[in-house]
Amino acid sequence: ERTRFTLAHELRHVLIPWHVGVIVDDIETGGPLPPEIAFMEAEANRFASELLLPIDWLCSKLIKVDDPLLLVEHIAKEAKVSITASTL
């Protein structure tokens, strides 16, 4: 489940020209990410969410499930993503 999101996230880094050549590892930084790197990471997360959980598909699920917890679980299972990814 997490692998699908991670692959989509990394795909965005490859597809965005200004991400190419920038490799950062939290272990390397030893602290909070610089703002420009944090922005790139957030951008890649948004791409992964939109790719794996398209808004039209999500909206179709919202009208079918009333319980928020069941909705998140249903979305995660159907999209084959983690619970965390299904809430982004």
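The values are calculated or read from the model by the stated rules, or taken from the named source; none is laboratory data. Predicted model, so just to flag it, every value in this text is computed and none were measured. Note: ideal-geometry Cβ built from the backbone for every residue, glycine included; neighbour counts use all protein chains shown. These area figures cover heavy atoms from the full protein model, side chains too; ligands, DNA and RNA do not enter into them. Shrake-Rupley method; radii C 1.70, N 1.55, O 1.52, S 1.80 Å.
Whenever a residue of the stretch 1-26 is farther than 23 Å from V72 by Cβ and part of a loop (DSSP other than H, G, I, E, B), its partners that are at pLDDT 70 or above and among the aliphatic types (A, V, I, L, M), lying with C-beta atoms within less than 6 angstrom and at least six residues away or across chains, give the pairs V24/I37.
Specify which of the listed residues (T29, T6) is among the hydroxyl-bearing types (S, T, Y), surrounded by 11 or more Cβ atoms within 10 Å (Cβ to Cβ) and modelled with pLDDT under 85.
Numbers: T6 fails: modelled with pLDDT under 85.
Matching residue, one of T29, T6: T29.
The set of residues in the stretch 52-72 that are under 17 Å from the mean Cα position of the chain (by Cα), over 16 Å from T84 (Cβ atoms) and open to solvent by less than 90 Å² (accessible area, probe 1.4 Å) comprises P54, W57.
Among residues of the stretch 40-60 that are in a helix (DSSP H, G or I), those with a Cβ under 7 angstrom from a residue that is among the aromatic types (F, W, Y) and crowded, with 17+ Cβ neighbours inside 10 Å, sequence gap 6+ or separate chain, pair up as A48/F5; L52/F5.
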